[in-house]
């Protein structure tokens, strides 16, 4: 993998462990020679992660909509800052630039971005691994929802397996590097009526 896209919060969250995990992810990507693609911000977990990657000599690409640049949220220390017109363009470009996806703790934007690329994997639109960094069990409710969707017949077990989950950045990154997305579109279960 040349580049991994990381979705995460523009806030720091209430726990120091979130900031620690974001910094560790940034450092780890840099140490392994994997470029970081992220939302281009200088605040919250995004800024923490980007700064850590840069401090270790990593290559960081930020993708940010014009509206957020104007609010002075763009990280000005990146090797590659791409300014786009909309959030839709942002997500499309981040996906095109990346070989895999990770979500750290975050809010609505993080949830939406991760679930979109996960859906693309399920539909066979892309063949890139998707992982959740489950710091302090932050994603336990979301993972429970995914499991509930399987139990209720809205998500097939094979598709549920597309979500790689670990509590530590190193083990999650190792999982992403080893994961092979199925080579064909995953089936939709039409037997449950």
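The values are calculated or read from the model by the stated rules, or taken from the named source; none is laboratory data. Not measured: the values here are computed from a predicted model. Heads up, the Cβs are rebuilt from the backbone with ideal geometry, glycines too, and the neighbour counts pull from every protein chain shown.
Here are the numbers for this structure:
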read-out	value
Members of the range 29-46 that are part of a helix (DSSP H, G or I) and surrounded by fewer than 21 Cβ atoms within 10 Å (Cβ to Cβ)	30, 31
Cross-chain or 6+ apart pairs with Cβ under 7 Å, the range 54-69 first and on the phi > 0 side of the Ramachandran plot and part of a strand (DSSP E or B), then crowded, with 21+ Cβ neighbours inside 10 Å and at pLDDT 95 or above	none
Qualifying residue in the range 83-94 (condition: over 17 Å from the mean Cα position of the chain (by Cα) and surrounded by 14 or more Cβ atoms within 10 Å (Cβ to Cβ))	yes
Test: residue in the range 31-38 that is farther than 19 Å from residue 130 by Cα, touching a residue at least 24 places away in the same chain (Cβ under 8 Å) and touching a strand residue (DSSP E or B) at 6+ places or on another chain (Cβ under 8 Å)	no
